[in-house]
Structures are given as C-alpha cells and as structure tokens.
Amino acid sequence: PATGSGATATGSGATATRIDIGYFATGDVRRGASAGTAASAFGVFGTPGFRWTGGSLRTERSSTRVGAFTVRGRRLHGMPLGGSEHLALPKTFPALREVGVYLGGLGPATRLIALTSPITSAVVAFPGVKSLLATAQDRLIRSANREPDKNANLRAHVVAVARDDTGRPLAEVRLTGIEPYDFTARMLAWAALRITEHGPPGAGAYGPVDAFGIDTLESGCEQAGLAVAGN
C-alpha cells in the first residue's frame, strides 16, 4: 500500500499536497474476513480516530467522512481510518497537508454510518456505554475462532490519488493482488528477510518508503502478491 501512495506523491509532476488512499477487497468479503477483523472493526465505531489534516495530526471521529474511489469500474465508498500513512507519508513528503485513508467493505452501509456518526458518538459518551462496548468487544474476540474462508476468493485493491491544494487530481496509482491476509503475511516475511540481509535503515521508527526506498518496496510488494495495475 505504501508503494502506491509513495509513487503517486513523487510521480505527479507537480507538488502534491493531498493524498487519498482507499483499501478494498473484492469477493465474498463477509465469508473471507476473520472474526478477529470483525471484532476490531466493532471497536472502531464511535471511538476517536486521527488524521493528518492542515499539516498536523488531529483527532476526529472515525466515521465523519466517506471516501469515494473507482475499483474495477465501480464507484465504491470507504470509511476513514487512522493508519500509519498519516504518520509516515508527511515525514517522507513534507509538502503533504492532507492524508486521507479509507477502508471499504461495508457497501451501502458506509454512508449511513457516516450520517449517524454524531449520534453514535453522543451515545458512546454516556457513562457506562464505553465499558459495555469494551465488554462486548472482548467477548467477541474471545469467541472468535472462525478462520477466513479461502473459498471466498478475496482480492486486494488499493487506490491512491495525489491532488494539489485545490483538490485537482495530479496522479493516480492502482494496486491489485492476492487475498489481504496472505499478502500481509508475505510482506512481513519479505521485510524481515530484507532487514536481516541488509540491516535496518537506522535507529527509530521508519515508514516503508523511508526504510526500503520506493523501487525496492515496489519490488517487495510484487513478490508478496500486490502489484501496480492498469487504470
């Protein structure tokens, strides 16, 4: 994923001050998602998230906005997500003032959740509600013994769009690849082997682009099963 957003930021031919990144999966998402993923998603709703906006990291409700992306000819929507992109990309590309990260998978419910987000946040603010939600999430996690169904035919799709300060698109990169859980495992293995062979980039925390460089990272993603796709 970072290779798409990094390549978009550097390949636009103009100064990109905003990047929007959408993560989606095609196939039978409900069967293909693990129970642990469902439990994690449950814990996000109504809790504060974060976003790089206005040139700084700020707290926001997790579902105040929706992002729209075209995936395989369809216009899909994603919920905002606080991710490592908000931390790593502005460090690598200081001109960025806005970083939007969105996760799809809820279909038509995405907009409904965004509209009801203020109500959800107000309810969660009542005394005792957070505790009840935490208890429900804990029970869901403890009872989560369902593995992802490999017959769900999940495929990962990532779209990254770089924009100027007026919102005009400057460049777009699309990635497509294997089932997301398999890609994650392969990518972690690739990164571990790469660091073992070549050593760490230095002390401290590094984003993927800083740690490996865009070209090497793109090659690693291809080896792990996620590659740049045609528009």
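The values are calculated or read from the model by the stated rules, or taken from the named source; none is laboratory data. From a predicted model like this one, the values you see are computed outputs, not experimental measurements. Methodologically, a virtual Cβ is constructed for each residue, glycine included, from the backbone with ideal geometry; neighbour enumeration extends over all protein chains shown. Quick note on the areas: whole protein, heavy atoms, side chains included, nothing else; ligands and nucleic acids left out. Shrake-Rupley method; radii C 1.70, N 1.55, O 1.52, S 1.80 Å.
With Cβ to Cβ distances under 12 Å as the rule, what net charge do the other residues near Y102 carry (K, R +1; D, E -1)? Residues close to Y102 contribute a combined charge of 0.
Counted residue by residue at 0.36 nm each, then reduced by the alpha carbon distance between them, the extension gain from I195 to R75 reaches 39.4 nm. Rounded to the nearest 0.05, what FRET efficiency is calculated for Q223 and T166 with R0 set to 45 Å and r the Cβ-Cβ distance? E between Q223 and T166, to the nearest 0.05, is 0.75.
Given a 1.4 Å probe and every protein chain left where it sits, what share in percent of the accessible area of the stretch 154-231 is carbon and sulfur? Write out the running numbers ahead of the final one.
Details: 2270 of 4190 Å².
C and S fraction of accessible area: 54 percent.
How big is the Rg/Rh ratio for the stretch 167-231, C-alpha atoms only, Rh by Kirkwood, two decimals?
On the way: Rg = 13.5 Å, Rh = 13.1 Å.
So for the stretch 167-231, dividing Rg by the Kirkwood Rh gives 1.03.
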